[in-house]
Amino acid sequence: MQVTINGEKKEIPDRPTVRELLAFLEIEPETVVVERNREIFSTADFEAVRLQADDVIEILKFMGGG
Amino acid sequence: MDALSVAGRTLRSRLFVGTGKFSSPAVMRQVLEASQAEVVTVALRRVDLANPVDPTLQALDAGRYLILPNTSGARDAEEAVRMAKLARALSRNNWIKLEITPDPRYLLPDPIETLKAAQILVREGFVVLPYIHADPVLAKRLEECGTATVMPLGAPIGSNQGLRTRDSIGIIIEQVRVPVVVDAGLGAPSHAAEAMQMGADAVLVNTALAVALDPERMARAFRCGVEAGRLAYLAGLGAPRATASASSPLTGFLSSGGEDPPAKSPN
């Protein structure tokens with residue numbers, strides 16, 4: 001199915017949990033926060049949430065900054 | 001150094017350090033160590049899907065440092081509030097450096113959007129540290145709305161120009177009761193010392209450390225500058241005078257009083 005991740009359209013396996021999506025993208029779950037259709041999910045929620053086609057997903061992390 | 005209390009949290013270090021622009025995670029770690037900073041700022045950005053593993057902040061021990069995420073990149077209050085909530089979900093603390101800079105050339109903070117966002121974030125339980133121009137009236141308004149500090153700029157971010165806003169920062173220090181953290185533009189330890197000796201409660205430094213030839217040594221220099229300035233403030237500086245005031249006694253000069261001895265006759 002297709003979703004938008006960080007502004008890019010992307011083909012991903014059907015209806016993954018957030019944790020499964022992160023594994024698919026090779027992202028360490030502890031280092032990111034995920035927003036799905038403007039709703040925020042932190043690590044504790046990653047198992048519970050299942051994504052759907054056309055979801056708009058943001059995956060963010062901390063970087064160096066002042 | 002005497003401790004600083006921000007939103008009920010006791011901080012032993014009055015030097016806050018930003019984590020941007022370091023040449024490697026190892027250098028950043030050395031700088032944090034040498035600075036003895038406790039409050040460390042970070043930015044929130046999209047993961048690069050093509051290159052998801054980024055070691056930069058893996059060097060950061062969240063148990064040791066108080067992670068202070070910023071809302072850099074936000075152009076208005078709505079974006080800043082969204083970023084603050086995302087940051088809170090990741091940092092698992094409620095501290096946020098509120099930073100709204102719509103203009104990329106000077107990165108000056110938008111006072112109206114900053115006040116608007118601060119009101120929302122305070123209501124939602126955040127500990128808000130707003131980055132502002134050195135505007136005493138705005139500082140007072142932010143304090144009244146419940147921010148934990150105010151963070152007036154010395155000069156534009158990353159400009160190393162020093163305390164160009166000195167007089168206004170002096171008024172903020174005089175009038176605001178929450179801690180005043182001078183942020184941005186401090187390029188040398190003397191700038192940090194100057195802010196501290198005026199009575200600023202802390203300073204935040206990033207670029208000056210990151211771009212130094214020897215960042216670790218510069219971090220030590222800033223630590224000393226902050227400490228020197230704080231000690232001078234606590235010790236009480238002497239008032240400037242227009243004319244000289246002799247340090248040495250004005251009596252008992254070799255030439256004073258009596259007669260000059262008779263001149264020696266040449267042999």
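The values are calculated or read from the model by the stated rules, or taken from the named source; none is laboratory data. None of the values given here were measured: they were computed from a predicted structure. Counting neighbours? That spans all protein chains shown, and the Cβs are built from the backbone with ideal geometry, glycine included. Note: areas computed on protein heavy atoms with side chains; ligands, DNA, RNA excluded. Shrake-Rupley method; radii C 1.70, N 1.55, O 1.52, S 1.80 Å.
Remarks
- Given charges at beta-carbon only (K, R positive; D, E negative), |dipole| of the stretch B:169-228 in Debye: 80
- Here B:GLU144 and A:VAL49 are evaluated by their C-beta separation; at R0 = 35 Å the FRET efficiency comes out at 0.35.
- The stretch B:120-141 and the stretch A:1-50: distance between their alpha carbon centers, rounded to Å: 33
- Where labels lie 7 Å past Cα in the beta-carbon direction, separation of B:ILE120 and B:ARG12 in nm: 3.8
- Estimated inter-spin distance, B:LYS21 and B:PHE253, nm [label 7 Å along Cα→Cβ]: 5.3
- Within the stretch A:30-66, backbone nitrogen closer than 11 Å to the virtual label 7 Å beyond the Cα of A:MET1 toward Cβ: A:50-56
- Long-range amide H partners of A:MET63 with built H, under 5 Å: B:ALA43, B:LEU44, B:ARG45
- Net charge in the neighbourhood of B:ARG164 (other residues with Cβ under 15 Å of its Cβ; Lys, Arg +1, Asp, Glu -1) is -3.
- Overall, the protein assembly as shown carries a charge dipole of about 520 debye about its Cα centre when +1 sits on the Cβ of Lys and Arg and -1 on the Cβ of Asp and Glu, all other atoms neutral.
- Checking every one of the trypsin sites (Lys or Arg not before Pro) in the stretch B:116-211 against DSSP loop status and a limit of 15 other Cβ atoms within 10 Å picks out B:ARG177.
- Diffusion constant of chain B at 4 °C, which comes from Stokes-Einstein with the Kirkwood Cα-pair radius and 1.567 mPa s, µm²/s: 65
- Counting Cα-Cα pairs of the stretch B:183-222 in 5 Å increments starting at 0 gives whole-percent bin shares of 6, 27, 34, 21, 9, 3.
- Distance in nm between pseudo-label sites at A:LYS9 and B:ALA239 (7 Å out along the Cβ direction from Cα): 7.4
- Protein-only accessible surface order, largest first, of A:GLU35, A:GLU30 at 1.4 Å: A:GLU30, A:GLU35
- 1.4 Å probe accessible area per residue over the stretch B:1-144, in Å²: 44
- Whether the stretch B:122-247 is rounded, prolate or oblate, judged on the alpha carbon gyration tensor where a/c under 1.5 counts as rounded: oblate
- Fraction of accessible area attributable to carbon and sulfur, the protein assembly as shown (%, probe 1.4 Å): 50
- Over chain B: helical MRE at 222 nm, DSSP H runs n ≥ 4 each giving -39500 (n - 2.57), nearest 500: -11000 deg cm²/dmol
- Nearest-0.05 FRET efficiency for B:GLN58 and A:ARG38, computed from C-beta distance (R0 41 Å): 0.90
- Dimensions of the protein assembly as shown along the principal axes, based on C-alpha atoms and rounded to the nearest Å, stand at 114, 46, 35, largest first.
- The A-B contact accounts for roughly 2500 square angstrom of buried accessible surface, both chains included, probe 1.4 angstrom.
- Here the Karplus curve 6.51 cos²θ - 1.76 cosθ + 1.60, taken at θ = phi - 60°, turns the phi angles of the stretch B:5-15 into couplings of 10, 10, 6, x, 9, 8, 10, 7, 9, 9, 10 Hz, with x standing for Gly and Pro.
- Debye, to nearest 20: dipole size of the stretch B:156-267, +1 on Lys, Arg Cβ, -1 on Asp, Glu Cβ: 80
- Principal axis extents of the C-alpha atoms in the stretch A:3-66 (largest first, rounded to whole Å): 38, 24, 22.
- With a Förster radius of 25 Å applied to the C-beta separation of B:LEU49 and A:GLU30, the computed FRET efficiency comes to 0.90.
- Shape parameters for the stretch B:43-197, alpha-carbon atoms, Rg then Dmax in Å: 15.7, 50
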